[in-house]
1. Sorted from fewest to most neighbouring beta carbons within 10 Å, what does the list Leu74, Leu445 look like?
2. How long is the gain from Ala155 to Ile206 if the chain were fully straight, where each residue apart is worth 0.36 nm and the alpha carbon distance is subtracted?
3. Under the rule of -39500 (n - 2.57) per DSSP H run of 4 or more residues, summed and divided by the residues of the chain, what mean residue ellipticity at 222 nm is obtained, to the nearest 500 deg cm²/dmol?
4. When the dipole is taken about the Cα centre of region 274-414, and only Lys, Arg (+1) and Asp, Glu (-1) are charged at their Cβ, what size is it in debye, to the nearest 20?
5. For region 137-197, what ratio Rg/Rh do Cα atoms give with a Kirkwood hydrodynamic radius?
6. Have a look at Ala69, Trp441, Val330 and report the one farthest towards the positive end of the charge dipole of the chain, computed about the Cα centre with Cβ charges (Lys/Arg +1, Asp/Glu -1).
7. What Kirkwood hydrodynamic radius do you get for the chain when you take the inverse of the mean 1/r over all pairs of distinct Cα atoms, in Å?
8. Starting from the eigenvalues of the Cα gyration tensor, five times each then square-rooted, give me the equivalent ellipsoid semi-axes of region 302-373, largest first, whole Å.
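What follows draws every value from the coordinates through simple rules; no lab data is involved. Just so it is clear, the structure is predicted and the values come from calculations on it, not from any experiment. Note that each Cβ is placed from the backbone with ideal geometry, even for glycine, and that neighbours are counted across all protein chains shown.
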Amino acid sequence: MSESRESTHDDGEPRQPSKARRRRVPAIRIPDNPPPGPFRPEFWRSPLRGPWLTSVLGLVLLGGITVVAITGLLSYAAYNPWLPLNDLTPGKGLLGFYLFDWPTSPSWLYRLTQGTHVILGLTLLPVLLAKLWSVIPKLFTWPPARSLAHALERASLLLLVGGAIFEFVTGILNIQLFYVFPFSFYSAHLYGAWIFIAAFVVHAAIKLPRVVGTLRARGVRHDLGASLAETRPEPPDDTGLVSPDPATPTMSRRGLLAFVGGGSLALFGLSVGQSIDGPLRRTALLAPHGRIYGPGPNDFQVNKTAAAMGIAPAETGDGWRLEVQGPRPVRLSRAGLLAMPLHTYALPIACVEGWSTQQEWTGVRLTDLARLAGAAGAVEVVVRSLQKGGVFSRVSLSAQQVADPRSMLALRVNGADLSLDHGYPARIIVPNAPGVHCTKWVRRLEFLRESA
Ligand SMILES: Nc1nc2c(c(=O)[nH]1)N[C@H]1C(S)=C(S)[C@@H](COP(=O)(O)O)O[C@H]1N2
Ligand SMILES: [Mo]
């Protein structure tokens, strides 16, 4: 864009806007002569900035963010938000157009998609910051809007940059368990995602030809091979990225990319263990989860402890009864449940916050409980916890989830009774369901349709 070239030449005299210019921006007249500081192109002096660097970083983000966006949308679908109790996002309306009945197989799918969403998102943070750094002079383009089209283009960049920052900040705060939002994380992260995705698609479509052209023309090896002494500013052009007054390089482009890549690698290496679990779990130094574990065979991370969720010891003692509602309501003690046919499956708990773990659960099939209450062929079940209030105290499971023979009211894990923090006396385990739907301290199951 020629404004940066022009403005380097008109430092002194304020220029009269031309007639054509005045006609195009009728409302507000901003002098073309930029105010001092970052609004002047010569303020930005890094010799590394230029279309090549921005293109390389942009291409990495194009691939990476596409995966983060798709896995993020799948994460929302995995909540089955079309069921009565699960819609955490009121007024999602059109945004839910793509929802489908989230499957129970393969049992590890959500573990994979959500682990990827969280870990890749974290890994891309340094790349995002570097990309924003590489284009920062453009944020200060002067005049702020040259025409209506220019104003619209800049507004879309605001949505792009604002959306990216919002999504990364809310996502990272959430996985670090800083629940500081004055709003629902789920809804805000979803709304923000759609705004960001829309701006991202437009931006990628507009810029991709230029990225391809730049990388074709300049190649990739040339800059990756250049040492500090061989590092030169990119040739002046109309992108507004190349400094008109570049400083002497203090770092090569490959050095910068290695620095960014090293940051990404460090974030990846210090968090991926929480999704892979096993011995690698302990390498996930950046993961806040897993500071609380259970005793003995219950030795895997606890999301929320019974004490923190206000579960009183008396409620989970011998007096505990499971209410099963259906055409023939029944009440069952833990001993009564243990006397029913028990089944054991190795199934993951995969938290929306990215950590996951596979354990061996033993319990009673949901289909058996439905049949007992005269609700064989039930479509859905509403699960309620002893926990009072909070979004995790209840959940709707779909007909498909209820019907899967591996869906259980689990009583034991790895051969031992559930620990209190893992949901004693009984908890839900459903294959491929998000961890939040594996309700702990269950007190009631309401099967919704009686058998035909
Ligand atoms: N009643 C209740 N059930 C709950 C929760 C909760 O806070 N309350 N947390 C859920 C979440 S977010 C996850 S990831 C799993 C974690 O199970 P764990 O603590 O046994 O590892 O439990 C789920 N069940
Ligand atoms: Mo979770």
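1. Details: Leu74 19, Leu445 28.
With the fewest neighbours first, Leu74, Leu445 line up as Leu74, Leu445.
2. Additional length available on full extension: 16.9 nm.
3. After summing the helix terms and dividing by residue count, I get -12500 deg cm²/dmol.
4. With Lys and Arg at +1 and Asp and Glu at -1, about 200 debye.
5. Rounded to two decimals, Rg over Rh is 1.13.
6. Ala69
7. About 25.3 Å for the chain.
8. Result for region 302-373: semi-axes of 25, 19, 12 Å.
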